[in-house]
Amino acid sequence: MLGIPTVMDRIIQQAMVQVLSPICETFFSDYSYGFRPNRSCEQAINKLLEYINDGYEWIVDIDLEKFFDNVPQDKLMSYVHIIINDGDTESLIRKYLKAGIMINGKYEKSEKGTPQGWKPIAIIK
C-alpha cells in the first residue's frame, strides 16, 4: 500500500533517514544499487558490463512484486534493534509501521509490510 505521510511526519522521517542511513549503509550488500546514496542505475549497468567482459554469462536482476507489502514488521524491528539499539527511535519507527492504511475511506490496521512512500530503514544482507 502507498503510505502518504503528513508534512510533519515526512520532516521527522527525513531527519531520521539522514541520521540512520550512514549507520545502516554498512549492512547493505556491495552488489545492491537500488535506492542507495551515491549509487545509480548507470553504475549498476557499468558493473554489469564489467561482469560480461569478465566472461560471466548470467546476470540476475530481482525486483520482487509486493515485497514491501509482506515484510514481517517484527523481524524488521529486530534488525532495527540490533543496528540502532535506541528505544525512542525504534518506538517511532514502529509507530510509522503500525500507522495503518485507508482503503475506500475505511481505516485498516497494518500488521505486516511497510508503507511504500516511506523508506524502510534497514535491509540486512
- Item | Residues (open to solvent by 90 Å² or more (accessible area, probe 1.4 Å) and on the phi > 0 side of the Ramachandran plot) located in segment 19-58 | Phe35, Asn38
- Item | Filter result (within 13 Å of the chain's Cα centre (by Cα), surrounded by 14 or more Cβ atoms within 10 Å (Cβ to Cβ) and at pLDDT 85 or above) within segment 61-95 | Val71, Gln73, Leu76, Met77, Tyr79, Val80, Ile93
- Number of the exception - Thr89 against (1) within 16 Å of Pro115 (Cα to Cα); (2) touching a residue at least 60 places away in the same chain (Cβ under 8 Å); (3) of a type outside the set (A, V, I, L, M, F, W, C): (1)
- Query: Has segment 27-34 got at least one residue that is in contact with a Ser or Thr (Cβ under 8 Å, 6 or more places away or on another chain) and free of Cβ contacts under 8 Å to residues at least 40 places away in the same chain?
  - Reply: yes
- Message: Among the residues that make up segment 99-114, is at least one of them touching a residue at least 24 places away in the same chain (Cβ under 8 Å), within 22 Å of Ile23 (Cβ to Cβ), among the hydrophobic types (A, V, I, L, M, F, W, C) and out of contact with any His (no Cβ under 7 Å at 6 or more places or on another chain)?
- Response: no
- Here the residues within segment 106-121 that are at pLDDT 80 or above and either aliphatic (A, V, I, L, M) or more than 10 Å from the chain's Cα centre (by Cα) (or both) are Lys106, Tyr107, Glu108, Lys109, Ser110, Glu111, Lys112, Gly113
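The values are calculated or read from the model by the stated rules, or taken from the named source; none is laboratory data. Computed from a predicted model, the values in this text were never measured in an experiment. When we count neighbours, we look across all protein chains shown, and the Cβ atoms used for this are built from the backbone with ideal geometry, even at glycine. To get the accessible areas, we keep the full protein, side chains included, count just its heavy atoms, and leave off ligands, DNA and RNA. Shrake-Rupley method; radii C 1.70, N 1.55, O 1.52, S 1.80 Å.
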